[in-house]
Amino acid sequence: MKKICGLILAAVMVLSLAACGSQGKPEDVVTTFCEAMKNFDSESASSCFADGVVPPDLSVDSEDLGEEMGSEEIVQYLKDCAGKMTYKVNAAQVDGDKATVLVNITYTDISPVVTQAIGDYIAKAFEMAMSEGGEVDEAEAQQIFADILMESSKNVEAQSAAIDVTFDCEKVNGEWKLSQMSDDTLNSLFSVLSSNFLSAIEGVVSSVG
């Protein structure tokens, strides 16, 4: 009886080791990175790259992003939107120690929300400029915009957008890692992370100009 139990345990151990080894695929590191994007997890995102550093354009450090945006509320809003992202990791195309992985990503597009907020903000700024003591400092202006954006998010429905992103991978010391990303890939992923926040602002500015 003991011998049979021992054989069974040994077989389970072999199968477990084999299963662990099979996880070393290009798709695995891409999946880890996509999950890190959803959770604004900078540490996990950095571990996916061959050089151990996430590109600056894709920094998902909440504290740094809060300073850039000037509002923790906006950062939380973007985090909530990112958390709704869904994706499909397709089978990798492997060529030796190099591989490419195509991912279909569906994410939240807050362009309508931002566009409405900017319009309301401009109206508010004009109103304040026409009143006595209407001048505000940068910090106050950022807070006013944050408040207006949060209000717009309740009244304007965000949209859904889809994009295909190709990840380049390489094997480093026996592990698959993400290679340096092209500008096109970085721009696409930034749009996903920001839920088209910046592109919406750029669209309004260009239409005014």
Worksheet item: Cα to Cα, under 17 Å, and not fewer than 8 places away if on the same chain: which lysines meet these conditions relative to Lys154?
Response: Lys79, Lys84
Worksheet item: Roughly how many Å² is the accessible area per residue of the range 82-209, as a whole number, for a 1.4 Å probe?
Response: 58 Å²
Response to the item:
Expressed in square angstrom to the nearest 10, the accessible area of Cys169 with a 1.4 Å probe stands at 0 Å²
Worksheet item: With every protein chain left in place, what is the accessible area of Lys171 in Å² (1.4 Å probe, nearest 10)?
Response: 90 Å²
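The values are calculated or read from the model by the stated rules, or taken from the named source; none is laboratory data. Note that this is a predicted model, so its numbers are computed, not measured. Accessible surface areas use protein heavy atoms only, side chains included; no ligands, DNA or RNA. Shrake-Rupley method; radii C 1.70, N 1.55, O 1.52, S 1.80 Å.
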